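Below: one structure, written as structure tokens.
Every number here is computed from the coordinates shown, using simple stated rules; none is lab data. Everything numeric in this text was worked out from a predicted model, so none of it was measured. Cβ placement follows ideal geometry from the backbone for every residue including glycine, while neighbour counts extend to all protein chains displayed.
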Amino acid sequence: MLPYGRQSIDPGDIAAVDAALRSDWLTTGPEVDRFEAAIAERAGVEHAVSVTSGTAALHVAYAAAGIEPGDEVITTPLTFVATAAGAALHGAKIVFADVDPATGNIDPAAVESLVTERTKVIAGVDYAGVPVDGAALREIASRHGLLFLEDAAHSIGSSQDGTPVGSLADLTTYSFFPTKNLTTAEGGAVVTADAELAARARAFKNHGLVRDRAVQRHPDEGPWHQEVHSFGLNYRLPDVLCALGTSQLARLDQFVARRAEVKTAYDEALGDLDGVELPAVPEGAAPAWHLYPLRVPAERRREIFEALRKRGIGVQVNYIPAYWHPVFEDLGYQRGLCPVAEDYYRREISLPMFPGLTDEDVERVIEVTREVVAA
């Protein structure tokens with residue numbers, strides 16, 4: 001079975017992990033600092049906080065944003081549930097805004113219509129690797145005194161008008177899961193240009209511990225003393241995984257280039273199929289394609305999906321609208337809330353997309369997809 005996504009590990013990655021394992025530091029050591037500095041540089045900002053997963057990055061980012069019970073967070077339903085869950089776990093009410101029918105990204109006009117006096121964060125998702133309309137979302141956030149968060153789990157390596165994802169929002173979160181554009185096995189990061197937001201994120205990911213005697217409440221307790229001023233969790237990414245991430249980051253441009261080649265090949269070969277819609281690229285966007293979301297007739301989606309899998313093409317569907325999950329149904333969310341996102345979901349199939357795809361693999365995906373869709 002050809003998977004829809006997988007990691008790309010080379011001897012340099014293995015050597016980096018081996019060196020970290022043989023060092024004095026398995027966690028909270030120099031590889032963490034090195035990785036965070038490299039991620040911040042790639043994002044074009046001063047601060048990066050590494051964490052244990054993309055989900056942890058969202059939970060940490062919402063904590064840094066000061067989300068509390070009663071606050072509202074506007075986000076997209078066309079995402080993995082973690083985008084909403086990270087805020088809900090802080091007590092926020094999740095307000096789902098519909099998406100742009102071409103890209104699947106959150107629609108700024110829909111966001112504007114949902115802002116209230118309780119809104120605190122606008123959280124967009126770079127679906128498939130295509131950057132959200134950051135200029136529009138940031139303008140709305142600025143005008144209403146809100147924070148703009150970009151869930152860039154799909155899009156490290158993407159840019160908009162030459163500006164890298166990571167510099168477009170107040171807070172940006174990355175995921176380094178194996179299928180993503182680079183991997184640390186499990187892992188993620190929060191990046192920001194704002195020193196205060198970064199400090200809050202760093203505190204929350206490390207139990208809320210305060211070791212700086214200048215701000216401790218009881219600094220004379222002893223040289224061992226540390227305090228917790230607000231609750232946090234242990235989301236520390238260890239040196240072993242950070243070493244893998246730093247090694248992977250050196251190849252990110254190669255990964256992005258190969259993904260673009262695969263996307264172009266799919267576009268050229270599948271665009272003439274009846275009832276099929278290809279992924280769109282907004283003007284000025286340079287996506288790092290995490291997914292290739294092909295849209296097919298809704299009434300045939302399951303048939304096509306199962307036929308492709310039967311032929312050894314490991315397609316996936318991304319994503320069930322977040323509020324369809326029973327956890328949101330039980331809170332009163334109902335189907336039909338975001339009709340454009342629901343239509344997108346009903347027609348979407350993700351074809352294999354990862355740097356290790358050979359030209360022969362791509363030709364096989366194209367051949368089988370054409371046969372199955374045209375059947």
Can you work out the Karplus-derived ³J(HN,Hα) for every residue in segment 52-66? Use 6.51 cos²θ - 1.76 cosθ + 1.60 with θ = phi - 60°, whole Hz, and x for glycine or proline.
7, 6, x, 5, 4, 4, 5, 4, 5, 5, 5, 5, 4, 6, x
With a 10 Å cut-off between alpha carbons and a GNM built on the chain, which of Glu46, Glu342, Glu221 moves the most?
Glu221
Checking the cross-link filter: which aspartates and glutamates have an alpha carbon closer than 14 Å to that of Lys93, excluding same-chain neighbours under 8 positions apart?
Glu68, Asp71, Glu72, Glu117, Glu329, Asp330
How large is ³J(HN,Hα), in whole Hz, for each residue of segment 140-154 in order, when computed from phi with the Karplus curve 6.51 cos²θ - 1.76 cosθ + 1.60 and θ = phi - 60°, using x for Gly and Pro?
4, 4, 5, 5, 9, x, 10, 9, 9, 10, 10, 7, 9, 4, 9
By the gyration tensor of its Cα atoms, with a ≥ b ≥ c the square roots of the eigenvalues, what is the shape of segment 276-347: rounded for a/c under 1.5, prolate for a/b over b/c, or oblate?
oblate
³J(HN,Hα), Karplus 6.51/-1.76/1.60, whole Hz, each residue of segment 184-194, x for Gly, Pro
10, 6, 10, x, x, 7, 10, 10, 6, 8, 9
To make sure I understand the rule: partners must be lysines, Cα under 22 Å from the Cα of Lys263, and not fewer than 8 residues away in the same chain. Which ones qualify?
Lys180
Taking amide H positions as placed 1.01 Å from N in the peptide plane, with prolines and chain starts having none, which residues 5 or more places from Ala285, or on another chain, fall under 5 Å of its amide H?
Asp161
Taking the square root of 5λ for each eigenvalue of the C-alpha gyration tensor of segment 252-374, the equivalent ellipsoid has semi-axes, largest first and in whole angstrom, of 27, 18, 14
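Just the number, please: Stokes-Einstein D of segment 11-249 in µm²/s, Kirkwood Rh from C-alpha pairs, 37 °C, 0.692 mPa s.
D = 181 µm²/s.
Can you give the convex hull volume per residue for the Cα atoms of segment 1-121, as a whole number of Å³?
Values: hull volume 21.0 nm³, N = 121.
Per residue, the Cα convex hull of segment 1-121 comes to 174 Å³.
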Between segment 1-47 and segment 94-168, the alpha-carbon center distance in angstrom:
28
Could you work out how far apart the two model spin labels at Leu209 and Glu46 are, taking each label as a point 7 Å from the Cα in the direction of the beta carbon, and quote it in nm?
2.5
For His47, residues with placed amide H under 5 Å, excluding near neighbours:
Thr192
Going by alpha carbons, how many degrees (0 to 90, nearest 10) lie between the helix axis of 359-374 and the longest principal axis of the chain?
60
Choice from His225, His207, His90 with maximal GNM fluctuation in the chain (Cα, 10 Å cutoff):
His225
Which of Leu270, Leu331, Leu233 ends up with the largest GNM mean-square fluctuation for the chain, with Cα atoms connected below 10 Å?
Leu331
Where does helix 239-249 land angle-wise versus the long Cα axis of the chain, in degrees 0 to 90, nearest 10?
50
Rounded, prolate or oblate: which one fits segment 131-227, using the alpha carbon gyration tensor with axes a ≥ b ≥ c (rounded when a/c is under 1.5, else prolate when a/b beats b/c, else oblate)?
oblate
Checked against the positive end of the charge dipole of segment 11-249 (+1 on Cβ of Lys and Arg, -1 on Cβ of Asp and Glu, about the Cα centre), the farthest of Ser167, Val190, Ala243 is Ala243
